[in-house]
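*Asks:* Dumping the structure here so I can ask a few things about it.
The values are calculated or read from the model by the stated rules, or taken from the named source; none is laboratory data. The shown structure was predicted, so the numbers you read here are calculated from the model rather than taken from an experiment. Here the Cβ is made from the backbone with ideal geometry for all residues, glycine too, and neighbour counts use every protein chain on show.
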Amino acid sequence: MLTVRAPATSANLGSGFDVFGLALGTPADVVRVERAPETTITVTGAGSEYIPEDPAKNTVGAVAEALDAPARIRIDKGVRPSSGLGSSAASAAAAAVALNVLYDRGRTREDLVSVAAKGEAVVSGEAHADNVAPSLLGGFTVVTEDGVTQVDASVPVVACLPEISVSTRDARGVVPDSATMDEVVTTVGNAATLTVGMTRDDPDLVGRGMNDDIVTPERTKLISGYEAVREAALEAGATGVTVSGAGPGILAVCHRRDRRAIASAMVDAFDAAGVESRAYQTAIS
Ligand code: HSE
């Protein structure tokens, strides 16, 4: 039997909608695989009651099929589904790595990005790779139609996860169809600033580059307490705050010294809005 752990991730980072992603130190999914005549899946752990075990409906089933690697697969969820922390991507990434070894398929980690993205299509209807890429490669990733670029960034972050669910499908439904030239120019500038910040491990530049006026404002409406939590995190020292992936998780970038204060400020602000939450003090890993 083979066991693989794959980390939670945060996609978009505001200015990099469907392009940027980063791997978090915690939480993570653990996937165990052994060869079998046909694929079976069992799921335990965080939010497992919401995850189908039918291979045709599970993200990991699509990965097993893409690698022609039938297996008995056990998924232990550390990353709750519909959290904005790349839950389905963590399972897909771990399964892709494990099945590739189990059946000696010889794919590189980069090859496995498109394999694991097939699992994402099962969940959200689209094979976007901005969560599976960092889960497989670590660090900060930039996904475009031409491939994936990875940087071993290390910037402290706090990921705060409220006890509400936002499905990726719903969150994609509010993405605007168009943007003005001014909005595009501002977003490109922010995305470039953020990328330079990642290459320098500079939380100030990364935070400054997270602003996005195109997609994020529509998605924050789906998260009760978002504005209060954002304000609280900024007051506690966050250099940038945005929706994590499709939400409802909220991501704050910061200096290491401020991480603990930001985590409690975010949880307290959600609490004041009547929403229970949990904060992960972590870093890009
Ligand atoms: N980029 C995707 C989105 C990530 O924001 O819809 C989903 O986790």
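*Asks:* Among residues belonging to the stretch 230-244 that are among the β-branched types (Val, Ile, Thr) and free of Cβ contacts under 8 Å to residues at least 60 places away in the same chain, point out the one that is farthest from THR216 (Cα to Cα).
*Replies:* Within the stretch 230-244, the match that is farthest from THR216 (Cα to Cα) is THR239.
*Asks:* Looking at the stretch 138-151, which of the residues that are modelled with pLDDT of 95 or more and either charged (D, E, K, R) or more than 16 Å from the ligand (Cβ to nearest atom) (or both) is surrounded by the fewest Cβ atoms within 10 Å (Cβ to Cβ)?
*Replies:* If we take residues in the stretch 138-151 being modelled with pLDDT of 95 or more and either charged (D, E, K, R) or more than 16 Å from the ligand (Cβ to nearest atom) (or both), then THR149 is surrounded by the fewest Cβ atoms within 10 Å (Cβ to Cβ).
*Asks:* Name the residue that is nearest to MET266 (Cα to Cα), counting only residues in the stretch 203-242 that are among the β-branched types (Val, Ile, Thr), outside any helix (DSSP H, G or I) and more than 14 Å from the ligand (Cβ to nearest atom).
*Replies:* VAL241
*Asks:* While we're looking at this one, here's another question. Given the criterion within 23 Å of VAL142 (Cβ to Cβ) and out of contact with any His (no Cβ under 7 Å at 6 or more places or on another chain), identify the matching residue among ILE214, ILE223, ILE262.
*Replies:* Going through ILE214, ILE223, ILE262 in turn, the sole match is ILE214.
*Asks:* List the number of the failed condition for ALA66; all other conditions in (1) under 16 Å from the mean Cα position of the chain (by Cα); (2) free of Cβ contacts under 8 Å to residues at least 60 places away in the same chain; (3) surrounded by fewer than 22 Cβ atoms within 10 Å (Cβ to Cβ) hold.
*Replies:* Answer for ALA66: the failing condition is (1).
*Asks:* On the given criteria, is ASP177 touching a strand residue (DSSP E or B) at 6+ places or on another chain (Cβ under 6 Å), within 16 Å of the ligand (Cβ to nearest atom) and of a type in the set (D, E, K, R)?
*Replies:* no
*Asks:* Tell me the residue from ALA90, ALA69, ALA62, ALA94 that is assigned to a loop (DSSP other than H, G, I, E, B) and hydrophobic (A, V, I, L, M, F, W, C), please.
*Replies:* Every option except ALA69 fails the conditions.
*Asks:* Additional query: Return the total of residues in the stretch 156-186 being crowded, with 17+ Cβ neighbours inside 10 Å, at pLDDT below 95 and under 16 Å from the mean Cα position of the chain (by Cα).
*Replies:* 3
*Asks:* I would also like to ask the following. With (1) within 16 Å of the ligand (Cβ to nearest atom); (2) outside any strand (DSSP E or B); (3) under 18 Å from SER10 (Cβ atoms) as the list, and ALA159 as the residue in question, which single condition is left unmet?
*Replies:* (2)
*Asks:* Here's a follow-up. Which pairs turn up if I take residues in the stretch 81-92 that are closer than 15 Å to VAL132 by Cβ and look for partners that are in a helix (DSSP H, G or I) and among the basic types (Lys, Arg) with beta carbon separation below 9 Å, at least 6 apart in sequence or on another chain?
*Replies:* ALA92/LYS118
*Asks:* Let me confirm something: among VAL151, VAL166, VAL174, VAL206, which residue is in contact with an Asp or Glu (Cβ under 9 Å, 6 or more places away or on another chain) and in contact (Cβ under 8 Å) with a residue 24 or more places away in the chain?
*Replies:* Going through VAL151, VAL166, VAL174, VAL206 in turn, the sole match is VAL174.
*Asks:* Looking at the stretch 28-58 only, could you name the residues that are within 16 Å of the ligand (Cβ to nearest atom) and either at pLDDT below 95 or part of a helix (DSSP H, G or I) (or both)?
*Replies:* Residues satisfying the conditions are GLY47, TYR50, ILE51.
*Asks:* If you don't mind, another one. I want to confirm something. Restricting to the stretch 243-280 and keeping residues that are buried (at least 24 other Cβ atoms within 10 Å of the Cβ) and not hydrophobic (A, V, I, L, M, F, W, C), which single residue is farthest from the ligand (Cβ to nearest atom)?
*Replies:* Here the residue is PRO248.
*Asks:* Can you tell me how many residues in the stretch 1-27 are assigned to a strand (DSSP E or B) and more than 16 Å from the ligand (Cβ to nearest atom)?
*Replies:* 6
*Asks:* Oh, and also: Take the stretch 118-137 and flag every residue that is over 12 Å from the mean Cα position of the chain (by Cα) and under 21 Å from SER285 (Cβ atoms).
*Replies:* If the condition is that a residue be over 12 Å from the mean Cα position of the chain (by Cα) and under 21 Å from SER285 (Cβ atoms), then LEU137 is the only one that fits.
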